[in-house]
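Comments concern the structure below.
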Amino acid sequence: MTNNSVPSRSAAPSHIYYFDVGAGSWQGEFTFRVTSWRRFRSARTGLRNRALVVAMALTQRLTGASRLESTIVASPSAGAFGVADNVVRVSKFGVTLYLLKERYLLDPDGRGVTVEANEQFSPVPGILTRRFTYPAEIQPSGMGSTYHMPLLGSPWTATYQVGTDRQSLAGELVCDWAKATENARRAS
């Protein structure tokens, strides 16, 4: 560390997380369930989000976990302290249910991240889409993260932990009325 407490790029937790560990392709599974239908009914999520939640919960109940694919492309020298791009695809029977394109803008403090996101529900581009920005923070070890994201009309907290083998990643996304999980292994 330098005198002003800014880590060197190679030692920064965010560089470890996105560039040393995260860069490449990952595959696994995604699950979603409503944990409290009562709280969901009282949440002000909007009609579109209500329909999406019911459709996701029903699909998961009838067909089980969905396929998760993620590809992170690292650009350590881009931006103020590095940039990583991530494309996340959740699918079932080869049909895209959710597509998320994110750009992680790393903060020079080595831990903070601003995420610029483009989201698409359904396999049809341009219909159920939106753009949004949210904050994230990388653990001091560089082996985990916390994201504070607005999803489905509610605030969610997503926590991810890299496995000790550095080849697996487990995530849990929660809000007041639902829970989702992501479990992935490095594919390349």
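The values are calculated or read from the model by the stated rules, or taken from the named source; none is laboratory data. Just so it is clear, the structure is predicted and the values come from calculations on it, not from any experiment. Cβ: placed from backbone, ideal geometry, glycine included. Neighbour counts: every protein chain shown. All accessible areas refer to the heavy atoms of the entire protein, side chains included, with ligands and DNA or RNA removed. Shrake-Rupley method; radii C 1.70, N 1.55, O 1.52, S 1.80 Å.
Ratio of Rg to Rh for the range 89-183, alpha carbon only, Kirkwood?
0.98
Please find the FRET efficiency linking Ala170 to Leu58, where r is the Cβ-Cβ separation and R0 is fixed at 25 Å, and quote it to the nearest 0.05.
Efficiency, from the Cβ-Cβ distance: 0.50.
Using a probe radius of 1.4 Å on heavy atoms only, what accessible surface per residue do you get for the chain? Whole Å² is fine.
It amounts to 51 Å² per residue over the chain.
List the trypsin sites (Lys or Arg not before Pro) within the range 7-74 that DSSP assigns to loop and that have no more than 13 neighbouring Cβ atoms inside 10 Å.
Listed in order of number, the matching sites are Arg44.
State, to one decimal in nm, how far the label point of Leu47 lies from the label point of Lys179, with both points 7 Å from Cα in the Cβ direction.
Spacing of the two 7 Å Cα→Cβ label points: 3.3 nm.
For the range 55-97 and the range 141-181, what is the separation of their C-alpha centers, rounded to whole Å?
Taking the Cα centre of each part, the range 55-97 and the range 141-181 sit 13 Å apart.
If ligands, DNA and RNA are left out, what is the accessible area of Val73 with a 1.4 Å probe, given in Å² to the nearest 10?
80
Would you mind checking the tilt of helix 47-63 against the longest principal axis of the Cα atoms of the chain, expressed as 0 to 90 degrees and rounded to 10?
90
Ignoring ligands, DNA and RNA, what percent of the accessible area of the chain is carbon or sulfur (1.4 Å)?
Ligands and nucleic acids excluded, carbon and sulfur give 55 percent.
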